[in-house]
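**Q** Before anything else, here's the structure in question.
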Amino acid sequence: MTHAPSKTPSRLDALCDFTGPRTTRWVVAGVAAGAGLALAALPYVMPALSRSLSGPQPKAWWYLARASGLVAYALLSASMLLGLLLSTRFAKEWPGNASAFALHEQTSLLGLAFGLFHSLVLLGDRHTPFTIAQILLPFGAVYRPFAVGLGQLAVYGMTLVAGTFYVRRHIGRRAWRLIHFGTFAVFALALLHGLGSSSDRTVMVAGIVPALLILFFGTYRTVAHLAGGASPEVQAQ
């Protein structure tokens, strides 16, 4: 006697289903809020930005590169923390496993977007000029080539990991999870890039604090897995 294959989606497939109306409403509300804030701030920002970009020594490019790099690192940190908190009581109680997974995916993609912007905006910097070849080829920059090269490898790694969200059903859960473990290497590269390419103490603190949080929750998940084969929250489901 044969049984028809079960059509019940796997737990991971269920978490990846973001097509419901609730998710759509949140996305639309977020985009509308961001657009509203941008329009409100634009009249105050544009004059100073225009003067900075057109001046003899424009610093706006450097500020944009620095700000976008910090945002990319913050989003990568948030994505990793959300990934580590999945299937734990933290994510289960708030915001819920499905919402946490959705945030995990979206912060990964946003982090990649800001990482790419962080790289490309350097083309406009006249103080430390970069060429397209120096941006694309790791360790080819004239400014701190090793530290910049680590950041370039981190962007390529982020691209690979983020791309697996779209091919997960084709490569299988095992390969998907294996590639996602590479996020730890990507995070380490991004951290070393930030520490090595900047002498600003604020940047160093901003980089180390998320790293300590990720180390703590990563250790927690590892210990929980080794102690019971899986985290208690996963076993209870």
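**Q** Kindly establish whether V186 is surrounded by 20 or more Cβ atoms within 10 Å (Cβ to Cβ), at pLDDT 90 or above and touching a Leu at 6+ places or on another chain (Cβ under 8 Å).
**A** Details: surrounded by 20 or more Cβ atoms within 10 Å (Cβ to Cβ): yes; at pLDDT 90 or above: yes; touching a Leu at 6+ places or on another chain (Cβ under 8 Å): yes.
Answer is yes for this residue.
The rows are residues; the columns are (1) touching a residue at least 24 places away in the same chain (Cβ under 8 Å); (2) in a helix (DSSP H, G or I); (3) outside the structural domain of L112 (by TED's automatic domain parsing); (4) over 17 Å from the mean Cα position of the chain (by Cα).
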{"position": "L150", "(1), (2), (3), (4)": "yes, yes, no, no"}
{"position": "G172", "(1), (2), (3), (4)": "no, yes, no, yes"}
{"position": "H180", "(1), (2), (3), (4)": "yes, yes, no, no"}
{"position": "F187", "(1), (2), (3), (4)": "yes, yes, no, no"}
{"position": "L192", "(1), (2), (3), (4)": "yes, yes, no, no"}
{"position": "T202", "(1), (2), (3), (4)": "no, yes, no, yes"}
{"position": "L212", "(1), (2), (3), (4)": "no, yes, no, no"}
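Per-residue answers, yes or no, for (1) modelled with pLDDT of 80 or more; (2) among the hydrophobic types (A, V, I, L, M, F, W, C):
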{"residue": "G194", "(1), (2)": "yes, no"}
{"residue": "A206", "(1), (2)": "no, yes"}
{"residue": "F217", "(1), (2)": "yes, yes"}
{"residue": "Y220", "(1), (2)": "yes, no"}
{"residue": "H225", "(1), (2)": "no, no"}
{"residue": "G228", "(1), (2)": "no, no"}
{"residue": "V234", "(1), (2)": "no, yes"}
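**Q** Quick check on segment 152-168: of everything there that is in contact (Cβ under 8 Å) with a residue 24 or more places away in the chain and farther than 27 Å from Q134 by Cα, which residue is surrounded by the fewest Cβ atoms within 10 Å (Cβ to Cβ)? Working first, answer last.
**A** Here is the first cut: in segment 152-168, the ones in contact (Cβ under 8 Å) with a residue 24 or more places away in the chain are 152-155, 157-159, 161-162, 165, 168.
Those left that are additionally farther than 27 Å from Q134 by Cα: 165, 168.
Working: F165: 15, R168: 18.
That would be F165.
Residue by residue, here is whether (1) assigned by TED's automatic domain parsing to the domain that holds V203; (2) modelled with pLDDT of 70 or more; (3) part of a helix (DSSP H, G or I) holds:
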{"position": "Y44", "(1), (2), (3)": "no, no, yes"}
{"position": "W62", "(1), (2), (3)": "yes, yes, yes"}
{"position": "S77", "(1), (2), (3)": "yes, yes, yes"}
{"position": "L81", "(1), (2), (3)": "yes, yes, yes"}
{"position": "F90", "(1), (2), (3)": "yes, no, yes"}
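**Q** What's the total number of residues in segment 172-211 that are over 21 Å from T222 (Cβ atoms) and of a type in the set (F, W, Y)?
**A** Qualifying residue count for the region: 0.
The values are calculated or read from the model by the stated rules, or taken from the named source; none is laboratory data. Note that the coordinates shown come from a computational prediction; the quantities given were computed from them, not determined experimentally. Neighbour counts are summed over all protein chains in view; Cβ atoms, including those assigned to glycine, are modelled from backbone coordinates with ideal geometry.
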